[in-house]
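None of the figures in this text is laboratory data; all of them are computed from the coordinates on show. These numbers were taken from a predicted model, which means no experiment stands behind them. Cβ placement follows ideal geometry from the backbone for every residue including glycine, while neighbour counts extend to all protein chains displayed.
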Amino acid sequence: MMQNSNSDFDKPQSDQIEFEIQLTPLALEMFANIKDKRHQKALSSKIDKLKIEPEKQGKPLTGQLINYRSVRAVGQRYRIIYQVEKDKVVVLVVGVGLRKEGDKGDIYHLLQKLL
């Protein structure tokens with residue numbers, strides 16, 4: 001008879017793959033330009049959560065940003081735009097910014113020009 005160890009049952013779902021988070025130079029620049037440190041902290045925390053099951057968070061984007069996903073942060077004001085590279089186990093954050101629909105400073109508008 002096989003001895004069954006309880007160690008498998010004690011683990012808090014750590015069998016999930018943890019993705020490495022990488023920020024592009026553009027994303028780092030956008031992040032640095034956010035003046036409110038509380039917003040930076042909230043965004044940083046949200047980015048950190050993308051390590052686990054990033055493809056189940058946010059929503060897939062369409063149009064020119066079809067290979068990217070977007071997750072909301074700091075209430076509904078900011079968006080974190082990222083790409084999941086499953087083969088490398090990497091979440092590549094390409095942009096962080098305010099959602100201002102119809103404005104030239106809108107995160108989606110900026111990234112469509114820059115990516």
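Among [x] 33, 16, 12; [y] 23, 16, 12; [z] 55, 27, 11, only one was calculated for this model; which label is it, if the read-out is semi-axes √(5λ) of the Cα gyration tensor in Å?
Answer by label: [x].
May I ask you to sort LYS41, LYS35 by Cβ crowding, counting other Cβ atoms within 10 Å and putting the fewest first? List each step's numbers first, then the result.
On the way: LYS41 11, LYS35 7.
Taking fewest neighbouring Cβ atoms as first place, the list is LYS35, LYS41.
Over the stretch 59-115, calculate the relative contact order: mean separation of alpha carbon pairs under 8 Å at least 6 apart, over the residue count, as a percent.
Relative contact order here is 22 percent.
What net charge is computed for the residues neighbouring LYS59, neighbours being all others with C-beta under 12 Å from the C-beta of LYS59, Lys and Arg scored +1, Asp and Glu -1?
Residues near LYS59 contribute +3 overall.
If you add up the charges near GLU20, with Lys and Arg at +1 and Asp and Glu at -1, over every other residue whose beta carbon is less than 13 angstrom from its beta carbon, what do you get?
Spelling it out: positives minus negatives among the neighbours equals -1.
Given 0.36 nm per residue, what is the gain on full extension from GLU18 to ALA32 after removing their alpha carbon distance, in nm?
2.5 nm
Give the residue from LEU61, PRO25, HIS109 lying farthest towards the positive end of the charge dipole for the chain; charges sit on Cβ (+1 for Lys and Arg, -1 for Asp and Glu) and the dipole is referred to the Cα centre.
After comparing all options, I get HIS109.
Pop a pseudo-label 7 angstrom from the Cα along the beta-carbon direction at both ASP106 and ASN67 and give the gap in nm to one decimal.
2.4
Using +1 on the beta carbon of Lys and Arg, -1 on that of Asp and Glu, and nothing else charged, what's the dipole of the chain about the Cα centre, debye to 20? Write out the running numbers ahead of the final one.
Numbers: 20 positive and 15 negative charges, 143 e Å.
The calculation lands at about 680 debye.
Which Cα, out of VAL94, ILE52, TYR78, lies furthest along the positive dipole direction of the chain (beta carbon charges, K/R +1, D/E -1)?
The listed residue farthest towards the positive side: TYR78.
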